[in-house]
Amino acid sequence: MSLTALRLHCFRNIADASIEPAPGINWLAGRNGSGKTSVLEAIHVLARGRSFRSGSIQSVIQDGATTLRVVARREQPDRLLGVERGRREWRGRIDGKETRRVSEFARALPLVLVQPDSHQLVDGGPDVRRAFLDWGLFHVEHDYLDHWRRYARLLRQRNAALKQGRGDAMLDALEPAMAEAAERVDRKRERYVQRLAASAARVLGAVDLRVPDIVLEYRPSGDEQEGYACALRASRSRDREQGFTRIGPHRADLSLRADGRLAAPRLSRGQQKLVALLLKLAELDALQSGGDRPLLLLDDPVSELDRMHFDQLWGWLLDQDLQAWIAAVEHPPGAPAAMFHVEQGEIRRMV
């Protein structure tokens, strides 16, 4: 799957631009602030409904405009996707039909993003790693979203009951279904982590990333032997004091160990970036092995990696059957790539 056309309107400093990308590597070169990363950001907004650079869509809309627009055509199969975002409103169309579900865009446009703060997968909080697992599962197991939504709905109901001081009868009614949903989510995450570990091993066999021996393990929040039903009942008193549910998949984590020890405190920032890159490429491999052909978005890998590791990544990319979008200050290292020059919001194809 690849994009055959991309159009941006009032997206940061890009007033209006149309791009006809190549099916392989597309290299966006330009000075800092020229708008090259905004192209990657626009693809992300189209696919995920939000920016990876800002929590506010208002900061993404061009100064003086009220809305932004991103439209793309993808192939295999051919589909036309478009979103229009204002400060409060959101409109989306897929093949001319309106949709309000971001999940439909995410399903139609799977992607893997590698950016400068990807190291947060290693040294960030558990919420970063849970989101990483959940996005991968969303594409690999298409019923996962239904299970997660069911669990999230029951979690909200239990939390509301705790805050309102509702009696045991209400919790007795909620917790069996919540425990079942929690166990389904955990089982799917555990299987996916095993799949991710196998993908990481394949990536390391093809890309010489100088990282310590990394072990991935899913860490549920709760006693696996006791089970969630018993654990939720046992935690009621403490949960009432806190006003929220303290155990469950919403508190789980992906454990990363390097040479047998926790990775974050052991690794340097440079090593953390390499481990994060490994995880992202493993995610890409897992999605491809599941039948998807995601886009790969790489924001400034030239400055994030030393020359040896960038050369390793570049050689691997040239062998992949995928569409990659790379934003960088420098020009590509003399290998096949569609070259775009970005300057002050203007995008011009060079090759």
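See the values below:
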{"read-out": "Test for Leu80: is it part of a strand (DSSP E or B) and in contact with an Asp or Glu (Cβ under 6 Å, 6 or more places away or on another chain)", "value": "yes"}
{"read-out": "Selection within the stretch 230-263 - in contact with a strand residue (DSSP E or B) (Cβ under 7 Å, 6 or more places away or on another chain), outside any loop (DSSP other than H, G, I, E, B) and small (Gly, Ala, Ser)", "value": "Ser255, Ala258, Ala263"}
{"read-out": "Those residues of the stretch 307-344 which are among the small types (Gly, Ala, Ser) and exposed (fewer than 12 other Cβ atoms within 10 Å of the Cβ), in sequence order", "value": "Gly334, Ala335"}
{"read-out": "So Glu217, is it part of a strand (DSSP E or B), exposed (fewer than 15 other Cβ atoms within 10 Å of the Cβ) and assigned by TED's automatic domain parsing to the domain that holds Asp285", "value": "yes"}
{"read-out": "Condition broken by Asn159, with the remaining ones in (1) closer than 19 Å to Cys230 by Cα; (2) not in a helix (DSSP H, G or I) satisfied", "value": "(2)"}
{"read-out": "Lone unmet requirement of (1) outside any strand (DSSP E or B); (2) within 28 Å of Gly136 (Cβ to Cβ); (3) in contact (Cβ under 8 Å) with a residue 40 or more places away in the chain for Ala65", "value": "(2)"}
{"read-out": "The listed residue being among the small types (Gly, Ala, Ser), at pLDDT 95 or above, in the same structural domain as Pro77 (by TED's automatic domain parsing) and touching a strand residue (DSSP E or B) at 6+ places or on another chain (Cβ under 6 Å), out of Ala327, Ala338", "value": "Ala327"}
{"read-out": "All positions within the stretch 15-28 that are under 24 Å from the mean Cα position of the chain (by Cα), of a type in the set (A, V, I, L, M, F, W, C) and either buried (at least 21 other Cβ atoms within 10 Å of the Cβ) or under 24 Å from Thr67 (Cα atoms) (or both)", "value": "Ile19, Ile25, Trp27, Leu28"}
{"read-out": "Leading residue by the ranking (nearest to Ile347 (Cα to Cα)) among those in the stretch 308-331 that are acidic (Asp, Glu) and more than 21 Å from the chain's Cα centre (by Cα)", "value": "Glu330"}
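The values are calculated or read from the model by the stated rules, or taken from the named source; none is laboratory data. No experiment lies behind these values; they were computed from the predicted model shown. Positions of Cβ are backbone-derived with ideal geometry, glycine not excepted, and every protein chain shown enters the neighbour counts.
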